[in-house]
């Protein structure tokens, strides 16, 4: 049985095309993904919110996110 959630990290390179590709591939098999924003990506609440909006803009509106500290929890919305 596969876990329903996967964890990823964003580092100093930020949100790259490869990261978005990995994220969309992971969403094909999972409904929930946690993304940890590391210090090297910027430990500022506004920066974390900006990263979350950037990811959502690039993967589409069929996803919702929640920010808890420096962790982003993305969830696929039901159709």
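Every read-out reported here was derived from the displayed coordinates using simple, explicitly stated rules and does not represent laboratory data. None of these values were measured; they are calculated from a predicted model. Neighbour counts are summed over all protein chains in view; Cβ atoms, including those assigned to glycine, are modelled from backbone coordinates with ideal geometry.
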Among the residues of the stretch 53-68, is any touching a residue at least 40 places away in the same chain (Cβ under 8 Å) and out of contact with any strand residue (DSSP E or B) (no Cβ under 6 Å at 6 or more places or on another chain)? yes
Which residues, counting only those in the stretch 46-59, are over 10 Å from the mean Cα position of the chain (by Cα) and surrounded by 11 or more Cβ atoms within 10 Å (Cβ to Cβ)? 47, 48, 49, 50, 58
The stretch 15-46, residues that are touching a helix residue (DSSP H, G or I) at 6+ places or on another chain (Cβ under 8 Å), closer than 20 Å to residue 75 by Cα and not in a strand (DSSP E or B): 15, 20, 23, 24, 27
